[in-house]
Amino acid sequence: MWILIAVGVVLALFAIWAVVTYNGFVKLRNFVEESWKQIDVELHRRYDLIPNLVETVKGYAGHERQTLEAVTAARSAAASPGATPAEQAAQENMLTGALRQLFAVAEAYPDLKANQNFLELQTQLTETEDRIAAGRRFYNANVRALNTKVQSFPPNVVARMFNFKEAEYFEAEDPTVRQAPEVRF
């Protein structure tokens, strides 16, 4: 009789642990999805700013057509829906490179650099980039927590039973981001 009670208690404790672990996975998966949606909001804000920036530059540097077209094409590719974090990161890196070219073009036009509309758009884009970077850090922290739990024993048993998978990190692949800046005095 005592053996049956002991087995029942062990099974009940195991069931409670499995439910708590399952709910923990659901919570982490939802955190990852929510933080990805926040990045998506900031990326769309960025995409909305870019056409205004291109139009402003076009007024001053209309003959820089190749650069303007590269920014527009990169924006369209990055704004296409349904990309995984790795695909989105690659598209964002192309867009960042195109924007760098656009700002390099702007350096050659003092009137453009002094234009209030251009300066405001540049400020908004910088703020948006900062928010994207913060969102990426938050997303990657949530991905790390989920991936750690998926890989850890014994929660990985529940993860396999209920098909919880590791999430992808959203990483910058831009080589200039990974280089140490050169400082000269």
Practice task
Sum -39500 (n - 2.57) across every DSSP H segment of at least 4 residues in the chain, then divide by the residue count to get the 222 nm mean residue ellipticity, nearest 500.
Solution key: -28000 deg cm²/dmol
Exercise for the section: Quick one: net charge around Ala145, please, counting Lys, Arg +1 and Asp, Glu -1 for every other residue with C-beta under 12 Å from its C-beta. Expected result: +3
Exercise for the section: May I have the count of lysine pairs in the chain with C-alpha atoms under 30 Å apart, counting pairs 8 or more residues apart or located on different chains? Expected result: 7
Practice task
Can you check what the net charge comes to around Glu166, using other residues whose Cβ is under 15 Å from the Cβ of Glu166 (Lys, Arg +1; Asp, Glu -1)?
Solution key: +2
Problem - the stretch 13-43 residues near the modelled Ala141 label - backbone nitrogen below 13 Å, point 7 Å along Cα→Cβ - result: 32, 35
Fill in the blank from the handout: For the chain, Rg(Cα) over 2.2 N^0.38 Å is 1.50
Problem - Distance in nm between pseudo-label sites at Glu69 and Val19 (7 Å out along the Cβ direction from Cα) - result: 6.3 nm
Completion exercise
Residue-ordered couplings for the stretch 131-138, obtained by feeding phi - 60° into the Karplus form 6.51 cos²θ - 1.76 cosθ + 1.60 and rounding to whole Hz (Gly and Pro as x), are 5, 5, 4, 5, x, 5, 4, 5
Problem - Dipole magnitude of the chain, debye to nearest 20 (Cβ charges: Lys/Arg +1, Asp/Glu -1, about Cα centre) - result: 720 debye
Exercise for the section: Just need the relative contact order of the chain here, percent rounded to a whole number, with Cα pairs under 8 Å and 6+ apart. Expected result: 32 percent
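Every number here is computed from the coordinates shown, using simple stated rules; none is lab data. Fair warning: this is a prediction, and the values are worked out from it, not measured in the lab. FYI the Cβ positions are ideal-geometry reconstructions off the backbone, even for glycines, and counts take in every protein chain you see.
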